[in-house]
Amino acid sequence: MRTGPGDWLPGLALGPGGARRYRLYRPPDLPAQGKVPLLVMLHGCGQDSAGFAASTRMNALARREGFLVLYPEQDRLAHPQRCWNWYDTRSGRAQAEASLILAMIDQATLLYPVDPARIALAGLSAGAGMAALLATREPARFQAVVMHSGVAPGVAESTATALAAMRGRRLPAPPGEAPAAPAAERWPPLLVIQGGSDAVVSPSNGAAVARLWAGQLGATAGAPRELRRGQRHPMTVTDFKQRGRALVSLVEVPRLGHAWSGGTASQPYSDARGPDASRMAWAFVSRQFRRMPGTETPTKPATLDR
């Protein structure tokens, strides 16, 4: 794969779940000293690391903003369509794959100038489900999560229940009036991006996962706002806040199908007409990094609405 300037580095992680390959993108001109953020990008079904990088153009954003990108890659032997087995908790396959991805992150942190206090997850479809599993199992390790066209954690435990969840038939129960989880157990801030014309993952999943996550964090929904940038599809953004801070943001794009919003037109599962999900993702992630005490600002201030 031609990534432009920078390095497209191979790697391999081993664990109880077997072995999985990954790629790490290292931009040129990183600081000679000091640590930089790491964004972990989890592809969807029918994709691999190279295709997901091409679709999202995240490497170009990493060059501009100065962060590393890790692309774990599912093996066809683990799933014939390269789907992450995010749902298969009954057999333990989901947990084993999550452990393999954590091993990749540990390798990247050891081998490259990764700041362990500035690591975030982003995933599409099955990758979003795996991102949710990782974030809820190891919340202290991640400072932000981006779920694009994904399903809430805990609603599936097998192939059959995953299909039902994707069709909107196994939504999480409303959070009700339960208090937020203790600070040490709280999930990291979340950005949800969901297409309203998605025929694979029911659009109802986007709002459901946002409400579930907000309830766990004790955040309350604000008024939705309609936004549009140029000729791109319009979107509705709802922020769930606690003490004035948006801990969960829900971006709903009515005209978007099952595709990375704003992605490269020539790639599958990619819609160039949608609002730029990669820019929105990094704007959200970098905002969480800037709120952390004792860290340097990794990027220029950015807004979700860009």
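The values are calculated or read from the model by the stated rules, or taken from the named source; none is laboratory data. Just so you know, these numbers come straight off a predicted model, no measurement behind them. Reconstructed Cβ throughout: ideal geometry from the backbone, glycine too, with neighbour counts over all protein chains shown. Just so you know, the surface numbers come from the protein's heavy atoms only, side chains and all, with ligands and any DNA or RNA stripped out. Shrake-Rupley method; radii C 1.70, N 1.55, O 1.52, S 1.80 Å.
Tabulated results
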{"read-out": "Identity of the residue in segment 126-150, touching an Asp or Glu at 6+ places or on another chain (Cβ under 9 Å) and within 18 Å of GLY92 (Cβ to Cβ), that ends up surrounded by the fewest Cβ atoms within 10 Å (Cβ to Cβ)", "value": "LEU133"}
{"read-out": "Search result, residues across segment 22-45 that are in a loop (DSSP other than H, G, I, E, B), more than 17 Å from the chain's Cα centre (by Cα) and within 25 Å of ALA103 (Cβ to Cβ)", "value": "PRO27, LEU30, GLY34, LYS35"}
{"read-out": "Any hit, segment 237-245, residues being part of a strand (DSSP E or B), more than 22 Å from HIS43 (Cβ to Cβ), free of Cβ contacts under 8 Å to residues at least 24 places away in the same chain and among the hydroxyl-bearing types (Ser, Thr, Tyr)", "value": "no"}
{"read-out": "Matching residues in segment 189-206 - criterion: being in a loop (DSSP other than H, G, I, E, B) and within 15 Å of ALA122 (Cβ to Cβ)", "value": "PRO189"}
{"read-out": "Exclusive hit being surrounded by fewer than 24 Cβ atoms within 10 Å (Cβ to Cβ) and within 16 Å of GLY127 (Cβ to Cβ), set ARG26, ARG21, ARG63", "value": "ARG21"}
{"read-out": "Segment 217-236, residues that are within 15 Å of ARG279 (Cβ to Cβ), open to solvent by less than 20 Å² (accessible area, probe 1.4 Å) and not in a strand (DSSP E or B)", "value": "HIS233"}
{"read-out": "Breaking point among (1) over 17 Å from the mean Cα position of the chain (by Cα); (2) at positive phi; (3) not charged (D, E, K, R), for GLY262", "value": "(1)"}
{"read-out": "Members of segment 151-163 found to be under 20 Å from THR136 (Cβ atoms) and either of a type outside the set (Val, Ile, Thr) or open to solvent by 70 Å² or more (accessible area, probe 1.4 Å) (or both), listed by number", "value": "ALA152, PRO153, GLY154, ALA156, GLU157, SER158, ALA162"}
